[in-house]
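Just below is one structure, and these are the notes that go with it.
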Amino acid sequence: MIGKLLCAIGRHSFEKRVNPEASGTAGIYYLCRRCGKEKAGYEPPTPGQSAGMAGG
Ligand SMILES: [Zn+2]
């Protein structure tokens, strides 16, 4: 299946899901429709990222 190949290379078809048992952003996660892989909704900030680039 083509979809499975995409998943194999990391191109998952993530769908946003919300866990009703958790409240707020804690219950947000992503689920791949093809392989069922789960991904945390919250991504940690990238270290070393320059902030205030468009400061004024
Ligand atoms: Zn997948």
Residues (in a loop (DSSP other than H, G, I, E, B), loosely packed, with under 13 Cβ neighbours inside 10 Å and at pLDDT 65 or above) located in the stretch 34-44: GLY36
Top-ranked residue in the stretch 1-33 [being among the hydroxyl-bearing types (Ser, Thr, Tyr) and assigned to a loop (DSSP other than H, G, I, E, B); ranked as farthest from the ligand (Cβ to nearest atom)]: SER23
First in the stretch 3-26 and at positive phi, second anywhere and surrounded by 10 or more Cβ atoms within 10 Å (Cβ to Cβ) and part of a loop (DSSP other than H, G, I, E, B), Cβ under 8 Å, 6 or more apart: none
Which numbered condition MET53 misses (of (1) within 15 Å of the ligand (Cβ to nearest atom); (2) at pLDDT below 80; (3) among the aliphatic types (A, V, I, L, M)): (1)
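The values are calculated or read from the model by the stated rules, or taken from the named source; none is laboratory data. Please read all numbers here as calculations on a predicted model, not as lab measurements. Cβ: placed from backbone, ideal geometry, glycine included. Neighbour counts: every protein chain shown.
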